[in-house]
Amino acid sequence: MPRPRKNRKIDFPPKMKGFKPFGIPSCKIESIKLTFEEYESLRLVSYDMLPQDQAAEQMNVSRPTLTRIYNNALKIIAKAFVEGLAIEIDGGNYEFEQDWFRCKKCHKLIQGLDNHIKCENCLDFSLNELINLNK
């Protein structure tokens, strides 16, 4: 029996839920899934330009594991570009450092609920209108 996977630490969720290619009608687009940890590996290594050992430490995984996650993310994005697929960012083995919520009306990310009585973009707000991004 394989060893259970550890949850990968993620600082904050992506601002968007995914990407759609231009020039293809929405009804004809297939999608491919990019997990939260694959997104985080791309953000840390390619966007923040961290060395892989530092990025691995930040995600609470080994460097070879980060390399596998990162290479799989690149493969998914390349496939989406070449085949004209939409990318959905969701799922995986992850845990956020803090609680994150997304407003169902305006989709704004809200960190925790301690200081948030209202969503800044929406006039009326209730806890039922938030999607908890944490598992």
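The values are calculated or read from the model by the stated rules, or taken from the named source; none is laboratory data. In this text the structure is predicted, and so the values were computed from the model without any measurement. Cβ placement follows ideal geometry from the backbone for every residue including glycine, while neighbour counts extend to all protein chains displayed.
Brief remarks follow.
- The set of residues in the stretch 39-79 that are among the hydroxyl-bearing types (Ser, Thr, Tyr) and touching a residue at least 40 places away in the same chain (Cβ under 8 Å) contains only Tyr39.
- Residue within the stretch 80-89 that is within 16 Å of Lys17 (Cβ to Cβ), in a helix (DSSP H, G or I), in contact with a strand residue (DSSP E or B) (Cβ under 7 Å, 6 or more places away or on another chain) and touching a residue at least 12 places away in the same chain (Cβ under 8 Å) present: yes
- Matching residues in the stretch 29-46 - criterion: being farther than 11 Å from Asn72 by Cβ and either of a type in the set (Val, Ile, Thr) or part of a helix (DSSP H, G or I) (or both): Ile29, Ile32, Phe36, Tyr39, Glu40, Arg43, Leu44, Val45, Ser46
- When Ser62, Ser31, Ser46 are screened for being surrounded by 12 or more Cβ atoms within 10 Å (Cβ to Cβ), closer than 24 Å to Lys108 by Cα and outside the structural domain of Ile110 (by TED's automatic domain parsing), only Ser31 passes.
- Close Cβ contacts (under 9 Å, 6 or more residues apart or on different chains) running from residues in the stretch 7-21 that are closer than 16 Å to Gln111 by Cα to residues that are of a type in the set (Phe, Trp, Tyr) and at pLDDT 85 or above comprise Ile10/Phe36; Ile10/Tyr39; Pro13/Phe36; Pro13/Tyr39; Pro14/Phe36; Pro14/Tyr39.
- Here Asn72 fulfils each of the conditions (1) closer than 18 Å to Glu95 by Cα; (2) in contact with a helix residue (DSSP H, G or I) (Cβ under 8 Å, 6 or more places away or on another chain) apart from (1).
- Filtered residues of the stretch 47-65 (kept if of a type in the set (Ser, Thr, Tyr) and in a helix (DSSP H, G or I)): Tyr47, Thr65
- Members of the stretch 12-28 found to be more than 15 Å from the chain's Cα centre (by Cα), exposed (fewer than 12 other Cβ atoms within 10 Å of the Cβ) and outside any helix (DSSP H, G or I), listed by number: Phe22, Gly23, Pro25
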